[in-house]
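Asks: Below you'll find the structure I mean.
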Amino acid sequence: MVQVLIDNEYGFRHFVWDFKGTVADVIRWWQGLKEEDDFFFRPEFSLYRVNRRPVIGLEYMNFVRLARKPRPAKLRARGNNVVRVHMHETDDSYLTFRGKMYYPGSRFVW
């Protein structure tokens, strides 16, 4: 399972999405999004379709810290990873994982 920390700029809310798949699956899904997808224009609907829960305060900061640095090898081996997504409009939305940045609808990696 991958935990996706979503920073939702619409309303400045934060969620954790328990994604049942691999990091590669999350990245592939993200890179396949199109600008007209509900994930960007109507996040209040798209976020309800996924298994997510709000996070605030210290819990949010802990997820931010986990998303910034690589997980210990023991945890990575069990598939526990945190991916961070900043969600707004297509031109300022991105996914980060282990120092690499991915943009929706693009195969390029920064």
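Asks: In the set Lys20, Lys34, which member is surrounded by fewer than 14 Cβ atoms within 10 Å (Cβ to Cβ), closer than 15 Å to Pro104 by Cβ, out of contact with any His (no Cβ under 8 Å at 6 or more places or on another chain) and at pLDDT 70 or above?
Replies: From the options Lys20, Lys34, the qualifying one is Lys34.
Asks: Kindly establish whether Ala73 is at pLDDT 85 or above and either more than 13 Å from Val2 (Cβ to Cβ) or not basic (Lys, Arg) (or both).
Replies: no
Asks: Using the structure shown, decide if Leu47 is in a helix (DSSP H, G or I), surrounded by 18 or more Cβ atoms within 10 Å (Cβ to Cβ) and either in contact with an Asp or Glu (Cβ under 6 Å, 6 or more places away or on another chain) or modelled with pLDDT under 75 (or both).
Replies: Spelling it out, Leu47 is indeed in a helix (DSSP H, G or I), surrounded by 18 or more Cβ atoms within 10 Å (Cβ to Cβ) and either in contact with an Asp or Glu (Cβ under 6 Å, 6 or more places away or on another chain) or modelled with pLDDT under 75 (or both).
The values are calculated or read from the model by the stated rules, or taken from the named source; none is laboratory data. Computed from a prediction, not measured in an experiment: that's the story for all the values here. Cβ atoms come from the backbone with ideal geometry, glycine included; neighbour counts cover every protein chain shown.
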